[in-house]
């Protein structure tokens, strides 16, 4: 039944994208100056999780490379590479300049000097989850490097800008904003239909099942693809030649839980501590959360940083925030999975 399992992964980049033509065109216009040898504008892709930001960024850069062979590119997930050193290392790795870099002994300024010395093709770098950077000062550094052209991706503009110092904020104020809304049911059905066409046997699932999945995903393409993947694996595991509705219904919680587990695996050590404190409490106030967090870590972050962590956990439906200011309380989102050791 499953002919190409890659297609059922959310990070798969299709050759054609559905229902994001305006966003693709907007991003393409921001990058167009590169084709004339001029600096690109700095695009800032904004929107909830599962709205296609990463897919569109990578798809558009691939299309640029097809039209303009003289371009380098690199994708960086700042949730994984969240320190200044890790980010600079990943950028140097994209242009093959890390052979003699030692992760423990090479100074960060030396990595930055190497990027400044880069004199090759235009270098387009996608910085996904850019609001997860431990220090956003590195964004100021990148804006000063000739030939490096960042594409920034974040969920909410206010969460990103609240972390910026005045220098970085002034540079990013002129960024090209490209906003992504949640998908509608019909749009998700079209996305799922493409995934079925590319990755599964023909006629294994009908539109009613795809519509059920789309409705359950509540506008999130990552969730819808996860449910489809879970349903296809379950049907194939039972030797079925199609995916019936009862299998789809049973796959909804599994697809959602699997995605949450993947999101939990991405948490930084400090975010993991915050999540564990909330998980162990029925509900917890910001003040109590911060006090307990400070007791459990050696080098605690600021209260503002912890608020930003909670905002990110909420965006990924790992926790819920209820109330305002002094009345605010955090608790786990429904059916949030447990962390593995």
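Normalising the average separation of contacting C-alpha pairs (under 8 angstrom, six or more residues apart) by the number of residues puts the relative contact order of segment 1-100 at 21 percent. Model label points for residue 250 and residue 193, set 7 angstrom from Cα along the Cα-to-Cβ axis, are 2.8 nm apart.
For the chain, relative contact order (Cα pairs under 8 Å, six or more residues apart, normalised by length) works out to 20 percent.
Residues 212, 330, ranked from the fewest to the most other C-beta atoms within 10 Å, line up as 212, 330. Counted by neighbouring Cβ atoms within 10 Å, the residues 148, 71 run from fewest to most as 71, 148. Helices in the chain, meaning DSSP H runs of at least 4 residues, each add -39500 (n - 2.57). Divided by all residues, the mean residue ellipticity at 222 nm is -15000 deg cm²/dmol. Beta bridges per DSSP, both residues in the chain: antiparallel share near 25 percent. In terms of the Cα gyration tensor, with a ≥ b ≥ c the square roots of its eigenvalues, is segment 28-83 rounded because a/c is under 1.5, prolate because a/b exceeds b/c, or oblate? Cα axes put segment 28-83 in the prolate bin. Label sites at residue 6 and residue 322, each approximated as a point 7 angstrom past Cα along Cα to Cβ, lie 4.5 nm apart. Take the Cα of residue 281, step 7 Å toward its Cβ, do the same at residue 203, and the gap between the two points is 5.7 nm.
Quick check: from the Cα gyration tensor, does segment 20-179 come out rounded (a/c under 1.5), prolate or oblate? Oblate, because a/c is 1.5 or more while a/b does not exceed b/c.
Classify segment 69-110 as rounded, prolate or oblate, taking a ≥ b ≥ c as the square roots of the eigenvalues of its Cα gyration tensor: rounded when a/c is under 1.5, otherwise prolate if a/b is larger than b/c and oblate if not. The shape class here is oblate. Taking every C-alpha pair closer than 8 Å and separated by at least 6 residues, the mean separation divided by the residue count of segment 185-262 gives a relative contact order of 32 percent. Among 102, 19, the ranking by other beta carbons within 10 Å of each residue's beta carbon, starting with the fewest, stands as 102, 19. Build a GNM of the chain with springs between Cα atoms under 10 Å apart, and of 26, 197, 238 the one that fluctuates most is 238.
Bear in mind these aren't lab numbers, they're just calculated from the coordinates by the rules spelled out. These numbers come from a predicted model, not from an experiment. For neighbour counting, all protein chains shown are included, and Cβ atoms are generated from backbone atoms with ideal geometry for every residue, glycine included.
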